[in-house]
Amino acid sequence: MMEFSLWKNLKKRLRRKRRPVWMLGVIIFCLLAGWLFVANDNEVSAASEPYVNQTSVIRMLEQQEELLSVELRLIYVCGEESKTLGRMRGKDVVQLVQAHQEWKVMLNQEQSTVQFEERIEDLSEHCKANAYMGVDKKGNLTLYDGAPKKEKVVRTFFQLDVRYMESSLPQDKLDQLTRGIRISDMDEYNSVLSTYSDYAIEQNQKVMKPTY
C-alpha cells in the first residue's frame, strides 16, 4: 500500500507542476540571464583561482625546487577515491604528467600541492557494493548510495512520466523501481538507464545514454 501511495503522490505533484504556456518564455529568459551571470562570474573568479592550466602547470613544475604533496583523485561514473602519491620534486611530477597524459594535473602553489585527476568509466568499489537506482519523491530517476529509502543521492538523471509508466509497466516493475534496483556493474547501470530513458517526461531529456 505504501508503494501504491507513492505513485499517487507523484502523479499529484506532476499535475501541480503544470504551468500556462506563456510562462515558458519567462522561464527561458530567466535561465539565459542566469547562465550569462554565471559565465561572467566564472571569468572573474578564474583570475584568483590557485589552479592554472595544463601547459602552465608543466612549465611551473619544471622550475619548482621544493617538495610538493602529490595526490591522485579517481573520479568514477559513481563514486570517487583518492590516493596519496607522496612528496615529489617538480621534475618528478613532470615525468608523471608525461607518462599519464590522460590525467588532468592541477598545481596549487600557495599550498605546495599537486592533484591529478583521472576519470574512469566504471563504478567505484564502494558503489559496486552499495549502489541502487530508484525514483525520488519528485519522480526523478535517481542513483543512490544504498537503498532509496535512505535518501543518499549520488546523482539525478531525469524526471519520469509516472502515468505513462503506470499504463505501460506491470505493477511489480513499478514496485521494484520504488524499492530500488541493485546496481553492481556498468552493464546493469547502462541497462537500467537505457530502459527508463524511454519514460523520460521530455523527449529531449533522453540525452542520458549508456556510457558504452
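The values are calculated or read from the model by the stated rules, or taken from the named source; none is laboratory data. Note that this is a predicted model, so its numbers are computed, not measured. Quick reminder, even Gly has a Cβ in these numbers, built from the backbone with ideal geometry, and neighbours come from all protein chains shown.
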May I ask you to verify whether Gln159 is touching a residue at least 24 places away in the same chain (Cβ under 8 Å), outside any helix (DSSP H, G or I) and either outside the structural domain of Glu66 (by TED's automatic domain parsing) or surrounded by fewer than 16 Cβ atoms within 10 Å (Cβ to Cβ) (or both)?
-> yes
Looking at Arg119, Arg155, Arg163, which one is within 16 Å of the chain's Cα centre (by Cα), farther than 30 Å from Ser69 by Cα and basic (Lys, Arg)?
-> Arg155
Please state which one of Met23, Met2 is of a type outside the set (Val, Ile, Thr) and either at pLDDT 65 or above or under 30 Å from Asp185 (Cα atoms) (or both).
-> Met2
Collect the residues in the stretch 93-133 that are assigned by TED's automatic domain parsing to the domain that holds Arg59, part of a helix (DSSP H, G or I) and of a type in the set (Gly, Ala, Ser), keeping them in residue-number order.
-> Ala99
